[in-house]
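All remarks here apply to the structure that follows.
The values are calculated or read from the model by the stated rules, or taken from the named source; none is laboratory data. Please read these numbers as outputs of a predicted model, since none were measured by experiment. Note that each Cβ is placed from the backbone with ideal geometry, even for glycine, and that neighbours are counted across all protein chains shown.
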Amino acid sequence: MKKLILLVAIQALIILNVRGQSLHGHVHEEGEAGHTPLIGASVFWLGTTTGSAADVNGEFSIPEPKEFPAKLVVSFVGYQSDTIVVKNATKEVEIHLQKSVQLGEVTVSERKEGSAFKLLDPIISESINSKELQKAACCNLSESFETNASVDVVFTDAVSGAKKIQMLGLDGVYTQIQAENVPLIRGLSSNYGMGFVPGTWIESIQIIKGPGSVSNGYESMVGQINLEYFKPDQAEKLFVNVYGNVGGRLEANIQSGYVFNEKVGMNINAHASTVLRENDMNKDGFLDIPRSQQYNLLNRWKFTGKNIVAQIVLHGLYDNKIGGQLGFKPVNGIETTLPFGIEITNRLANIHTKTGYVVPTVDDMSVAIITNWRYHDQHSYFGLKTYDGIQKTANANLIFLKGWKSDKHTLKAGASFNYDNYDEAYNDSAFNREEIVPGVYAEYTFRVKEKFSAVAGFRTDYNSKYGWFYTPRLHLKYNPTDKTVLRLTGGRGYRTTNVFAESSTLLASSRQVNILENLNPEVSWNYGFSASHQFKVLGRPASVYVSFYRTDFENQVILDLDAGAQTVNVYNLKGRSYSNAFQADVTYEPIKRFEVKVAYKWNDVWANTNGQLQRRMLTKQHKFLTTLSYATNFNKWQFDLNATVNGPARIPSTASNPEKYRLDERSPWYPMLSLQITKRFKWFDLYVGAENLTNFRQKNPIIAADDPYGPFFDASLVWGGAMGINPYLGFRYKLK
């Protein structure tokens with residue numbers, strides 16, 4: 001939770017009196033929509049205190065330097081800074097800045113192809129922009145990583161339709177997921193929250209591997225994902241997206257942004273979706289995906305003053321899913337003589353605010369505060385098992401930022417406060433928990449031009465239930481050339497668990513749940529290395545990226561399905577748990593507007609379960625990804641093909657089941673293929689595509705589907721999908 005506020009806060013730096021002869025110019029954003037003036041962009045002569053700022057038209061005037069040539073530095077938070085050599089008394093200059101997204105001390109720049117690893121960031125980072133998201137059927141956040149090798153998306157079980165992510169071979173609960181540096185998916189939203197964010201709301205996604213900035217908290221154990229929604233000055237006056245597929249899924253998004261004047265802007269996003277059809281492609285008597293309804297509304301107001309910027313965001317959601325056996329109707333209730341059914345209802349209300357203030361009397365100093373309030377009510381049942389939960393959360397983060405010597409040195413410090421109250425019930429057992437966590441942190445950044453940077457941070461937090469947390473983190477970056485970067489990173493992370501809210505495994509089966517002891521916070525160390533290089537092949541741009549990460553757990557809450565096919569034991573780690581993750585990406589543009597990306601990922605994940613060190617269950621060891629994207633002149637037509645080959649995963653033993661309810665010990669290799677074609681007109685786009693063109697489906701994803709109230713029923717051992725070929729059609733309308 002932090003430097004995003006500086007993205008909207010440091011929008012005016014020093015404004016000095018103009019005297020003598022002056023240089024005049026314009027500062028604009030470089031983009032497809034034209035040249036948008038960057039109001040408040042900072043302009044100063046390198047090595048001096050002589051500076052100015054762009055006005056509402058992007059124009060500036062700055063006194064000429066004592067001598068030429070001189071270097072003019074132009075910057076605007078959220079954009080790549082630029083340094084221009086002015087050789088003589090030019091009367092006017094035109095400056096175009098490229099957009100970027102700031103996440104902590106990391107600045108992630110957008111590239112035209114929509115997804116890229118960055119050369120200048122000290123932390124391993126990747127950005128996915130809205131263009132990349134439109135290359136596939138991106139209906140919500142869980143479907144936003146189809147063209148990305150860093151993040152895997154898998155089903156949590158075979159009855160709820162919920163999806164979760166995996167990064168560096170570990171479940172998404174170890175990745176801190178935020179929206180504009182405000183906590184997004186944690187607690188009760190862990191299982192279903194990936195489906196609560198419509199894809200059309202997202203302007204960009206930043207993926208951080210390894211521990212992030214300490215100013216964002218202590219929960220980024222293996223990585224961080226931050227979403228940026230469209231702001232009032234970025235959103236279309238009217239945007240409409242309508243989508244439907246043969247599986248009976250229909251959805252509509254209506255979004256609008258309006259800037260009333262230079263001080264006030266507003267945008268509103270509305271979403272509605274439903275699944276009407278009952279799908280049972282594998283003929284096991286269960287719905288492949290549940291029938292559902294969702295209503296989702298977000299409203300943002302942005303206020304800009306002379307030295308202050310403030311935002312308030314209001315968000316509300318209702319989501320209902322009904323699944324289980326064909327013929328199940330909630331009005332009939334749950335009885336062993338009736339069809340097996342599930343129902344999951346989520347109601348969520350969220351308010352967050354951001355206020356940033358630039359100290360006018362001190363160079364390069366700003367203060368910001370972020371606050372967040374959330375209420376989440378969840379009610380669910382899976383057959384005879386019930387889970388209900390209420391989460392009340394409040395967060396605050398106070399941030400101080402000071403830079404010296406043209407940002408060679410930067411100090412970020414602050415204080416945070418987090419309050420969580422959980423009121424949970426599983427069957428007839430209640431689990432109530434309250435955590436109050438105040439914390440302080442400091443982070444120092446040292447830069448030597450674009451050659452080297454080091455970010456060292458430390459934070460201390462006191463948890464009212466578990467005591468002190470100490471979180472050190474370090475990131476190093478070295479550029480041996482302007483096209484090559486080497487990075488090292490390491491740090492510690494903590495999190496407290498919400499076992500029932502985070503794991504549908506405990507609900508989507510007849511397994512007996514045994515919590516064997518009081519569960520302690522999870523603690524891990526994560527460290528890694530990466531290298532990136534950009535080059536040309538036959539005169540065309542190419543890039544290569546490799547990384548290796550290791551995560552070691554001091555403690556981990558283990559869900560042990562290896563003790564028996566009818567039980568799941570939950571306990572603190574006894575022994576070792578670690579993850580090794582290697583990834584390599586190669587991107588090449590052999591001809592203009594045709595991009596090819598090939599990636600490979602290897603996950604080596606182990607943990608002590610049932611008294612022995614074993615591979616982590618349901619985690620694929622290998623993954624190959626190939627994406628092909630081609631656009632005709634002026635982007636009138638676009639063709640996108642995504643192909644993956646997924647390697648095997650260990651399946652917990654089902655040897656104690658009757659023979660017809662047993663599974664293999666490992667899943668097979670299997671391919672997935674999707675295709676989308678987009679036709680762009682002046683005011684709207686039409687897109688048509690199909691997912692899972694290979695028509696691959698996991699065989700028997702539900703054990704004992706013919707006896708769901710019996711002791712062998714298990715819908716939690718999912719490693720593939722249940723839906724076959726899924727054609728879809730969509731329409732986008734934009735009024736700028």
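So residue 615 passes all but one of these: (1) free of Cβ contacts under 8 Å to residues at least 60 places away in the same chain; (2) surrounded by 21 or more Cβ atoms within 10 Å (Cβ to Cβ). Which condition number does it fail?
Going through (1) free of Cβ contacts under 8 Å to residues at least 60 places away in the same chain; (2) surrounded by 21 or more Cβ atoms within 10 Å (Cβ to Cβ) one by one, residue 615 breaks only (2).
Can you give me the number of residues within the range 564-582 that are more than 11 Å from residue 610 (Cα to Cα), surrounded by fewer than 21 Cβ atoms within 10 Å (Cβ to Cβ) and among the polar types (S, T, N, Q)?
Of the residues in the range 564-582, 4 are more than 11 Å from residue 610 (Cα to Cα), surrounded by fewer than 21 Cβ atoms within 10 Å (Cβ to Cβ) and among the polar types (S, T, N, Q).
Among the residues of the range 472-493, which ones are surrounded by 22 or more Cβ atoms within 10 Å (Cβ to Cβ) and not aliphatic (A, V, I, L, M)?
Of the residues in the range 472-493, the ones surrounded by 22 or more Cβ atoms within 10 Å (Cβ to Cβ) are 473, 475, 477, 485, 487, 489, 491, 493.
Within the range 472-493, 473, 475, 477, 487, 489, 491, 493 meet the criteria.
Please pick out the residue among 78, 114 that is in contact with a strand residue (DSSP E or B) (Cβ under 8 Å, 6 or more places away or on another chain), modelled with pLDDT under 60, among the small types (Gly, Ala, Ser) and not assigned by TED's automatic domain parsing to the domain that holds residue 222.
78
Quick check on my filter: what residues within the range 599-611 are crowded, with 22+ Cβ neighbours inside 10 Å and farther than 23 Å from residue 152 by Cα?
609
Suppose the filter is surrounded by fewer than 21 Cβ atoms within 10 Å (Cβ to Cβ), more than 23 Å from the chain's Cα centre (by Cα) and either in the same structural domain as residue 397 (by TED's automatic domain parsing) or charged (D, E, K, R) (or both); does residue 441 pass it? If you could, list the steps in order and put the result at the bottom.
On the way: surrounded by fewer than 21 Cβ atoms within 10 Å (Cβ to Cβ): no; more than 23 Å from the chain's Cα centre (by Cα): yes; either in the same structural domain as residue 397 (by TED's automatic domain parsing) or charged (D, E, K, R) (or both): yes.
Considered against the rule, which asks whether it is surrounded by fewer than 21 Cβ atoms within 10 Å (Cβ to Cβ), more than 23 Å from the chain's Cα centre (by Cα) and either in the same structural domain as residue 397 (by TED's automatic domain parsing) or charged (D, E, K, R) (or both), residue 441 comes out as no.
Return yes or no: is residue 691 under 24 Å from residue 617 (Cα atoms) and either of a type in the set (Gly, Ala, Ser) or assigned by TED's automatic domain parsing to the domain that holds residue 152 (or both)? Don't jump to the end; show me each part of the working.
Numbers: under 24 Å from residue 617 (Cα atoms): no; either of a type in the set (Gly, Ala, Ser) or assigned by TED's automatic domain parsing to the domain that holds residue 152 (or both): yes.
In short, no.
From 504, 524, which residue is surrounded by 22 or more Cβ atoms within 10 Å (Cβ to Cβ) and at pLDDT below 95?
Numbers: 524 fails: at pLDDT below 95.
Residue meeting the stated conditions: 504.
Given the criterion within 29 Å of residue 326 (Cβ to Cβ) and either touching a Gly at 6+ places or on another chain (Cβ under 9 Å) or surrounded by 15 or more Cβ atoms within 10 Å (Cβ to Cβ) (or both), identify the matching residue among 670, 733. Quick ask: steps written out before the conclusion?
Values: 733 fails: within 29 Å of residue 326 (Cβ to Cβ).
Result of the check over 670, 733: 670.
For the range 215-274, give me the residue count where each residue is assigned to a strand (DSSP E or B) and closer than 30 Å to residue 455 by Cβ. Full working, then the answer.
Looking only at the range 215-274, we keep the residues that are assigned to a strand (DSSP E or B), and these are 223-229, 238-245, 249-259, 264-274.
Within this subset, residues satisfying the condition of being closer than 30 Å to residue 455 by Cβ are 223-229.
Qualifying residue count, the range 215-274: 7.
How many of the residues in the range 329-350 are of a type in the set (A, V, I, L, M, F, W, C), within 20 Å of residue 158 (Cβ to Cβ) and at pLDDT 95 or above?
3
So, in the range 390-427, of the ones that are small (Gly, Ala, Ser) and at pLDDT below 95, which residue ends up surrounded by the most Cβ atoms within 10 Å (Cβ to Cβ)? Please lay out each step first, then the result.
First, the residues of the range 390-427 that are small (Gly, Ala, Ser): 394, 396, 403, 406, 413-416, 425.
Now drop any that are not at pLDDT below 95, which leaves 403, 406.
Numbers: 403: 19, 406: 16.
This residue is 403.
Residue 385: touching a Leu at 6+ places or on another chain (Cβ under 7 Å), touching a residue at least 60 places away in the same chain (Cβ under 8 Å) and surrounded by fewer than 21 Cβ atoms within 10 Å (Cβ to Cβ), yes or no? Before the answer, list the steps.
On the way: touching a Leu at 6+ places or on another chain (Cβ under 7 Å): yes; touching a residue at least 60 places away in the same chain (Cβ under 8 Å): yes; surrounded by fewer than 21 Cβ atoms within 10 Å (Cβ to Cβ): yes.
So residue 385 passes the test.
Can you confirm whether residue 480 is in a strand (DSSP E or B), closer than 30 Å to residue 72 by Cβ and without any contact (Cβ under 8 Å) to a residue 40 or more places away in the chain?
Yes.
If you go through the range 330-346 one residue at a time, do you hit one that is surrounded by fewer than 21 Cβ atoms within 10 Å (Cβ to Cβ), part of a strand (DSSP E or B) and assigned by TED's automatic domain parsing to the domain that holds residue 193?
Start the filter on the range 330-346 by keeping residues that are surrounded by fewer than 21 Cβ atoms within 10 Å (Cβ to Cβ), which leaves 330-339, 343, 345.
Filter once more, keeping what is part of a strand (DSSP E or B): 343, 345.
Next, from what is left, pick out any that are assigned by TED's automatic domain parsing to the domain that holds residue 193: none.
No, because not a single residue in the range 330-346 is surrounded by fewer than 21 Cβ atoms within 10 Å (Cβ to Cβ), part of a strand (DSSP E or B) and assigned by TED's automatic domain parsing to the domain that holds residue 193.
Would you check if residue 628 is part of a strand (DSSP E or B) and within 30 Å of residue 686 (Cβ to Cβ)?
Values: part of a strand (DSSP E or B): yes; within 30 Å of residue 686 (Cβ to Cβ): yes.
So residue 628 fits the description; yes.
Any residue at all in the range 504-527 that's in contact with a strand residue (DSSP E or B) (Cβ under 9 Å, 6 or more places away or on another chain) and on the phi > 0 side of the Ramachandran plot? Reasoning before the result, please.
Keep residues of the range 504-527 that are in contact with a strand residue (DSSP E or B) (Cβ under 9 Å, 6 or more places away or on another chain), which gives 504-527.
Next, only the ones that are on the phi > 0 side of the Ramachandran plot stay: none.
No, the range 504-527 contains no residue that is in contact with a strand residue (DSSP E or B) (Cβ under 9 Å, 6 or more places away or on another chain) and on the phi > 0 side of the Ramachandran plot.
How many of the residues making up the range 677-736 are in a strand (DSSP E or B) and of a type in the set (A, V, I, L, M, F, W, C)? Reasoning before the result, please.
Let us first name the residues in the range 677-736 that are in a strand (DSSP E or B), namely 677-680, 684-691, 703, 714, 726-735.
Checking the rest, the ones that are also of a type in the set (A, V, I, L, M, F, W, C) come to 677, 684, 686, 688, 690, 703, 729, 731, 735.
Total meeting the criteria: 9.
Of (1) free of Cβ contacts under 8 Å to residues at least 40 places away in the same chain; (2) in the same structural domain as residue 512 (by TED's automatic domain parsing); (3) within 27 Å of residue 184 (Cβ to Cβ), residue 361 satisfies all except one. Which?
With respect to (1) free of Cβ contacts under 8 Å to residues at least 40 places away in the same chain; (2) in the same structural domain as residue 512 (by TED's automatic domain parsing); (3) within 27 Å of residue 184 (Cβ to Cβ), residue 361 is out only on (3).
Of the conditions (1) in contact with a Leu (Cβ under 9 Å, 6 or more places away or on another chain); (2) more than 30 Å from residue 511 (Cβ to Cβ), residue 653 clears all except one; give me its number.
Against the list (1) in contact with a Leu (Cβ under 9 Å, 6 or more places away or on another chain); (2) more than 30 Å from residue 511 (Cβ to Cβ), residue 653 comes up short only on (2).
So is residue 619 assigned to a loop (DSSP other than H, G, I, E, B), within 24 Å of the chain's Cα centre (by Cα) and β-branched (Val, Ile, Thr) or not? Walk me through it before giving the result.
Details: assigned to a loop (DSSP other than H, G, I, E, B): yes; within 24 Å of the chain's Cα centre (by Cα): yes; β-branched (Val, Ile, Thr): yes.
For residue 619, the condition - assigned to a loop (DSSP other than H, G, I, E, B), within 24 Å of the chain's Cα centre (by Cα) and β-branched (Val, Ile, Thr) - is met.
Residue-by-condition table, conditions (1) under 23 Å from residue 152 (Cβ atoms); (2) modelled with pLDDT under 95:
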{"residue": "544", "(1), (2)": "yes, no"}
{"residue": "551", "(1), (2)": "yes, no"}
{"residue": "554", "(1), (2)": "no, no"}
{"residue": "557", "(1), (2)": "yes, no"}
{"residue": "567", "(1), (2)": "no, no"}
{"residue": "578", "(1), (2)": "yes, no"}
{"residue": "592", "(1), (2)": "no, yes"}
{"residue": "597", "(1), (2)": "yes, no"}
